[in-house]
Structures are given as C-alpha cells and as structure tokens.
Ligand code: ATP
Ligand code: MN
C-alpha cells in the first residue's frame with residue numbers, strides 16, 4: 001500500500017508536472033504528500049559569491065531569498081492538495097539535493113518518491129537531470145517514479 005509519497009521539487013516546470021502527477025496519484029491511493037525543497041548551499045556559494053571567502057552576511061540573504069521562493073512554489077502545490085482533500089506538508093532543507101532527498105525519504109519512511117526527469121537546468125540535451133540520476137543510482141529500496149517533462 002502506498003500511504004506516504006515524497007515529492008522533491010525545485011520549482012521548475014518539470015517538477016511542477018511531477019507534483020501534479022503525485023496529486024492525482026494520491027487521490028487514488030489516499031496517500032499523504034510531503035513536498036521537499038532542498039537549498040543547494042554549494043550553488044549559493046560557488047555561483048553567487050566569488051572568491052574563497054563565504055561571508056555569512058552575504059550568503060544569508062541569498063538563502064532567505066531561495067527559501068522564500070521555495071515556500072511560494074510549494075504553497076501552490078499545497079493549495080492544490082487542499083482542493084483535492086489530500087494531506088500535505090512542505091519542508092525545506094539545506095544541503096546536496098540527492099543526499100537530502102534520499103535521507104528524508106528514509107527518515108519519513110515514504111513508500112514512493114515522485115520527481116521530474118528534469119529540473120531547472122537549461123541543458124535540454126541531457127537524458128536525465130543529475131539530481132534524478134543521483135537518486136535513482138542510490139542504493140535504497142524506495143521506488144522512484146519519474147515524470148517526464
Ligand atoms: P541539472 O541540475 O543536472 O543541471 P536539471 O535541473 O534539468 O539538471 P535535476 O536537477 O536532476 O535536473 O531535476 C530533476 C528533478 O529533481 C526535479 O524535477 C525535482 O523533482 C528534483 N530536484 C532537483 N533539484 C532539487 C532540489 N534542489 N530540491 C528538491 N528537488 C529537486
Ligand atoms: Mn537541477
């Protein structure tokens with residue numbers, strides 16, 4: 001029986017499509033959804049702030065901004081869940097997306113992970129996104145459902 005589903009999301013069109021699929025799936029299984037957004041700290045430091053220093057007074061506002069953005073795109077899905085009488089909650093974590101997704105999936109003892117085949121990256125040629133590849137290559141017993149863009 002599938003009673004708990006983890007839906008990792010980066011706010012991309014593909015992730016939104018996956019979340020909508022998860023909502024439809026939950027309607028049929030009466031499962032509860034946990035939405036998870038991972039703030040990738042490596043990205044914040046390496047892409048946004050040059051040089052070796054990682055001054056917290058510069059990083060914190062960026063992290064806050066990313067958290068706010070994550071809250072707002074997850075809220076959109078939570079509203080959709082409410083409309084469909086599906087139990088849902090949204091969580092935000094920091095770290096490496098693959099590691100955090102797998103860790104949370106095991107901690108929450110979910111029965112299924114529903115995610116997009118792709119995310120925010122502009123590289124359209126890739127067969128699958130690197131977060132997706134990372135999750136499906138991890139040695140975990142939890143099934144993963146990929147929703148294609
Ligand atoms: P890449 O990141 O490798 O350049 P991409 O952005 O197209 O490529 P992924 O990042 O692998 O592809 O995204 C695939 C799916 O992984 C998304 O649809 C989403 O479900 C999940 N995902 C990606 N990044 C995150 C994140 N930071 N937090 C939660 N879920 C994520
Ligand atoms: Mn990505």
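The values are calculated or read from the model by the stated rules, or taken from the named source; none is laboratory data. Note that this is a predicted model, so its numbers are computed, not measured. Counting neighbours? That spans all protein chains shown, and the Cβs are built from the backbone with ideal geometry, glycine included.
Tabulated values for the structure
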read-out: Residue match in segment 36-49 (condition: modelled with pLDDT of 95 or more, exposed (fewer than 15 other Cβ atoms within 10 Å of the Cβ) and under 16 Å from residue 113 (Cα atoms)); value: no
read-out: Residues satisfying the stated conditions in segment 94-135, i.e. away from ligand 2 (no atom under 13 Å from the Cβ) and touching a helix residue (DSSP H, G or I) at 6+ places or on another chain (Cβ under 6 Å); value: 94, 113, 114
read-out: Matching residues in segment 135-144 - criterion: being surrounded by 14 or more Cβ atoms within 10 Å (Cβ to Cβ), more than 13 Å from the chain's Cα centre (by Cα) and assigned to a helix (DSSP H, G or I); value: 136
read-out: Top-ranked residue of segment 111-127 - restricted to ones that are surrounded by fewer than 23 Cβ atoms within 10 Å (Cβ to Cβ) and within 7 Å of ligand 1 (Cβ to nearest atom), ranked as nearest to residue 69 (Cα to Cα); value: 120
read-out: Odd one out for residue 120 among (1) under 14 Å from the mean Cα position of the chain (by Cα); (2) at pLDDT 95 or above; value: (2)
read-out: Top-ranked residue of segment 114-134 - restricted to ones that are in contact (Cβ under 8 Å) with a residue 60 or more places away in the chain and not in a loop (DSSP other than H, G, I, E, B), ranked as farthest from residue 3 (Cα to Cα); value: 131
read-out: Within segment 71-113, tally of residues that are assigned to a helix (DSSP H, G or I) and farther than 18 Å from residue 135 by Cβ; value: 13
read-out: Filtered residue count, segment 6-32, keeping only those that are more than 12 Å from ligand 1 (Cβ to nearest atom) and crowded, with 24+ Cβ neighbours inside 10 Å; value: 1
